[in-house]
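A.B. asks: Quick one: the structure is below, questions incoming.
The values are calculated or read from the model by the stated rules, or taken from the named source; none is laboratory data. Quick caveat, the model's predicted, so the values are computed rather than measured. Quick reminder, even Gly has a Cβ in these numbers, built from the backbone with ideal geometry, and neighbours come from all protein chains shown. Surface areas here come from the heavy atoms of the whole protein model, side chains and all, with no ligands, DNA or RNA. Shrake-Rupley method; radii C 1.70, N 1.55, O 1.52, S 1.80 Å.
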Amino acid sequence: MFRGAQQKINWCLILFFISIALSLGVTSCSKKPSVMAQTSEQKNEIFWGYVGQNSPEHWGKDFPQCELGGDQSPINIDPKRVKVEALPPLRFTFTREPTDIEDSGHTIEVVFGDDVKQESDESVKLNYHERGKALNSQAVEIEYSEKKDTLSVADKEYRLAQFHFHSPSENVISNQNFPMELHLVYEGENNQFAVVAVFLTLGNENPTIRTLWEHMPVYRGQKNDIRSFNPDFSGLLPNKRGYYTFQGSFTTPPCTRDVTWYVLHEPVTVSQQQVSAFQKVMNHNNRPLQALNNRVILSSQ
C-alpha cells in the first residue's frame, strides 16, 4: 500500500514538473513576441516635449541629429551682421483647401491632404526623414495632391506640406522674441526642405488665424476637419516679403539638417487674445537658440 502510494506521489511530481516546464515554454513563446512588439511600439512612440526629461536638452538621446553639426535652428539674427545681397523674390501660390487642423502634442498644425475631387491628380506621400535613414519617431507624413501650393525661389520650386505655430518665437531678431512664429514647411526635389518663418506681433486681430482658432483642437491628438472652410492663407504673409536666409535644421525632432530657411523681415499682426488662446492649449513650444557658428546669414535688399 505504501509502495503504491509512493508511486502515485512520484507520478504526481513528474506530472507537476512536466506541467511547469510546459507552462514556462508556453509563457516564454507568448511573452517574447509581446515584449518585442512593446519595444518596437515604444521606439515608434518616443515622446519629446519642452519641459522636464522630454525637454530640448534631452532630445539628442533619442534623436542624435539634434546634437550633431553646427547648423541647427533656431538662431538669433543680428541685422547689423547679415550680408545684404540682391536675392530672388519669394513667390507663393495657395490653391488648395486644408483638410485638418491638428494638435500634435507639440504645436497646432494645419494639414493639407488629398483633394478627392481631383481624381486624376497623383497623390504623393511626404515622409520627413534624415537623408537615407528612415526615422521611426515623430515623422511627419502628409499626403497632398499634385494640385499644389508652392514656394518658388529663382529656379527652385517647393511644395507646401503643412504649417504650424510656435510661442514664443523660436528665431529671434537682435535677441528679441516675438509673441508667436509661423512656420510653413515645404519640400522640393530630392528631399530638399525649406521653411518660411513669419513673426507674429501684437496688434490687430488676424482674420485668417481667427478662422483657424475657431476650430482649434484642445487636446493632444485631436484633429478637426476644416474642409468646408476656405481661409485666405495670404493673410498669414506680410505685404512686403523681404527675407533673411540661411542653412539650418528643423526645430523639432528629428532635427533634420540641410534645411533652407527664409525668415521674413516684416511681421504680421495677431491680437493678444489670439496669442493667449494658443498658449492656453500649447503653453510654450519653442526650442532654445542654437549657435550660429560659421554660418552666413544673407538678407534681401
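A.B. asks: Taking the Cα centre of the range 169-286 as the origin, how large is its charge dipole in debye, to the nearest 20, when only Lys and Arg (+1) and Asp and Glu (-1) carry charge on their Cβ atoms?
C.D. replies: Details: 8 positive and 10 negative charges, 43 e Å.
Computed charge dipole of the range 169-286: roughly 200 debye.
A.B. asks: Something else about it: Based on the Kirkwood radius over alpha-carbon pairs, what value in µm²/s does the Stokes-Einstein equation return for the translational diffusion coefficient of the range 223-268 at 37 °C and 0.692 mPa s? Intermediate values should be presented prior to the final figure.
C.D. replies: Numbers: Rh = 13.3 Å.
It diffuses with D of about 247 µm²/s by this estimate.
A.B. asks: Counting other Cβ atoms within 10 Å, keep those with at most 14, restrict to DSSP loop, and tell me which GluC sites (Glu not before Pro) in the range 187-225 are left.
C.D. replies: Working: sites: 187, 189, 205, 214; in loops: 205, 214.
Listed in order of number, the matching sites are 205, 214.
A.B. asks: Which whole number of Å³ per residue matches the convex hull of the alpha-carbon atoms in the range 158-301?
C.D. replies: Details: hull volume 19.4 nm³, N = 144.
Taking the convex hull of the Cα positions in the range 158-301, it is 134 Å³ per residue.
A.B. asks: Further question: Length gain on complete extension for the stretch residue 83 to residue 156, per 0.36 nm per residue less the alpha carbon to alpha carbon distance?
C.D. replies: On the way: separation 73, 0.36 × 73 = 26.28 nm, distance 2.15 nm.
Full extension from residue 83 to residue 156 adds 24.1 nm.
A.B. asks: Right, next: How much of residue 210 can a 1.4 Å solvent probe reach, expressed as accessible area in Å² and rounded to 10?
C.D. replies: 100 Å²
A.B. asks: OK, next. List the residues whose amide H sits under 5 Å from the amide H of residue 266, counting only those 5 or more places along or on another chain, with H placed 1.01 Å from N in the peptide plane.
C.D. replies: The answer is 242.
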